[in-house]
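All of the numbers you see were taken from the coordinates with simple rules; none came from a lab. Values in this document were obtained by computation on a predicted structure and should not be read as measured data. Using ideal geometry, Cβ is built from the backbone for each residue, glycine included, and neighbour counts are taken over all protein chains shown.
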Amino acid sequence: MSVAAASVGLLGCRVCGLLNRVPTTPGVRACARCGSVLRARKPDSIRRTWALLIAAYLLYLPANLMPILETGSLGGEESDTIMSGVIRLWVGGWWPLAVVILIASIIIPLVKLTALAYLLQTVRDGSSVHRRDRARLYRLTGMVGKWSMVDIYVGALLVGLVQFPPLATTAPGPGAVAFGAVVVLTMFASQSFDPRLLWDDGVSGTARHG
């Protein structure tokens with residue numbers, strides 16, 4: 001039968017991974033291997049993660065509704081949102097790239113935001129159901145999150161390809177800033193969330209803030 005390390009007087013170091021026995025003397029608990037401060041849980045994990053997550057949700061709409069790429073040429077000026085860019089690539093025969101950008105830039109960020117909100121809510125409710133599956137879900141959000149910047153890289157590539165003044169100029173639009181902020185905020189939210197909270201029973205102030 002598996003047991004939590006804290007229940008047997010052990011704390012895991014988040015820097016080097018060493019399991020340390022909790023000292024009985026008062027004072028700052030440090031890892032025996034690397035000297036990092038040991039904490040049973042990340043301080044204010046729930047509140048920090050919620051704050052970052054709400055900010056990311058608020059920026060998700062402008063990131064998708066505002067132009068992410070602005071192009072000027074002799075024929076006039078055009079601006080594309082992420083979705084209009086996906087449609088333009090699809091119509092132009094670049095459907096594999098369109099599918100990648102659709103998944104990486106619209107679907108994955110929304111899925112990651114929803115997954116983190118779900119994990120936070122289950123921790124708040126003190127749920128003990130499907131803990132192992134929820135831990136896997138947290139690891140999965142970290143794995144797929146790196147793909148959500150793909151369209152920014154593609155946009156930078158397009159800028160380099162068509163930047164031939166005075167024939168054509170391309171520049172990132174305000175949507176690119178909002179989208180980049182969404183990605184960064186979700187990354188910080190994922191890092192601030194303490195997955196060890198998934199294994200706590202009930203709502204404990206020590207578990208949340210220790």
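Taking the Cβ of each residue in 199, 95 as the centre, tally the other Cβ atoms inside 10 Å and list the residues starting with the fewest. Spell out each step's value before the answer.
Values: 199 18, 95 13.
Ascending Cβ contact count within 10 Å gives the list 95, 199.
Let's test the formula: R0 of 30 Å, r as the Cβ-Cβ distance of residue 129 and residue 87. What FRET efficiency results, to the nearest 0.05? Before the final figure, lay out the partial values.
Details: r = 41 Å, r/R0 = 1.36.
Result of the calculation: an efficiency of 0.15.
To the nearest Å, what is the center-to-center distance of region 47-99 and region 110-134, using C-alpha atoms only?
28 Å
Could you work out how much longer the chain between residue 94 and residue 171 gets when fully extended? Use 0.36 nm per residue separation minus the Cα distance between them, nm to one decimal.
Numbers: separation 77, 0.36 × 77 = 27.72 nm, distance 2.08 nm.
Full extension from residue 94 to residue 171 adds 25.6 nm.
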